[in-house]
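For reference, the structure is listed below as C-alpha cells.
The values are calculated or read from the model by the stated rules, or taken from the named source; none is laboratory data. Everything numeric in this text was worked out from a predicted model, so none of it was measured. Here the Cβ is made from the backbone with ideal geometry for all residues, glycine too, and neighbour counts use every protein chain on show.
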Amino acid sequence: MASLALSSVSLISSSSSSSSLPFPSKTLALPSYRRRHLRLTPISAATKIEELGTQIENLTLAEAKNLVDLLQERLGVSAAAFAPAVAAPAGGAGAADAAAPAAVEEKTEFDVIIEEVPSNARIATIKVVRALTSLALKEAKELIEGLPKKFKEAVSKDEAEDAKKKLEEVGAKVSIA
C-alpha cells in the first residue's frame, strides 16, 4: 500500500514537470445540457381570487345559476346546505309584526342556582337538596360547598320556583336563570 501511494506521488510530480501529457491536446466538445427555464411570474392566491371574484360579479343571473348548477354537480354539494336556517318573511309591515312575537317568546327551561348558604343553615339545606334530588349525603354536601353552583338544570318554571321556595325557607339564597 505504501508503494502505491509513493508511485502516485511520483506520477503527480513527474507529470507536473513534463510538458507532454498522456491526454490528447485537443479539447473535446461535450454536449450542452442546458435546461430551458420558463420564467413564470408567480401569481399570488389573493390576486387570483380577486380576479375570480371580479369575473363572478360580472356574470348575469342566468350564467350564475348555470355556474351554481355546474359546481353542485361536480363537487356533489348543495347550495341549500349553506342557506340560512330561517328566512325573513316577505313584506314590510308583516316582517315587523312577525319578528315581535319571536322576541317575546317565553322561556320554558330554567336553571336553579344556589348562590349562598349561611353556615347555620347548611344541615337544613343539605336535607332539602337530598329531598329534591336523588343525591347521597356526600354529593349533597359537595354541592353546597364552593358556591354559586347550578342545583337543577333545564327544569320547568313550576319545578324551579318550588325548589327555590323550599331552599329559601331554610335560609339559602337562590336564583333562577
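If you scan region 120-177, which residues turn out to be over 20 Å from Glu109 (Cβ atoms) and of a type in the set (D, E, K, R)?
Matches in region 120-177: Arg122, Lys127, Arg130, Lys138, Glu139, Lys141, Glu142, Glu145, Glu168, Glu169, Lys173.
Yes/no matrix, rows are residues, columns are (1) part of a helix (DSSP H, G or I); (2) surrounded by fewer than 15 Cβ atoms within 10 Å (Cβ to Cβ):
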residue	(1), (2)
Glu106	no, yes
Glu115	no, yes
Ile123	yes, yes
Ile126	yes, no
Lys138	yes, yes
Gly146	no, yes
Lys150	no, yes
Lys164	yes, no
Leu167	yes, no
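Quick check: is even one residue across region 138-145 in contact (Cβ under 8 Å) with a residue 12 or more places away in the chain and within 17 Å of Ala177 (Cβ to Cβ)? Lay out the reasoning, then the answer.
Residues of region 138-145 in contact (Cβ under 8 Å) with a residue 12 or more places away in the chain: 140-141, 143-144.
Remaining after also requiring within 17 Å of Ala177 (Cβ to Cβ): 143.
Yes; the residues of region 138-145 include at least one that is in contact (Cβ under 8 Å) with a residue 12 or more places away in the chain and within 17 Å of Ala177 (Cβ to Cβ).
Could you pull out the residue among Leu143, Leu135 that is farther than 19 Å from Gly171 by Cα, modelled with pLDDT of 60 or more and in contact with a helix residue (DSSP H, G or I) (Cβ under 9 Å, 6 or more places away or on another chain)?
Matching residue, one of Leu143, Leu135: Leu135.
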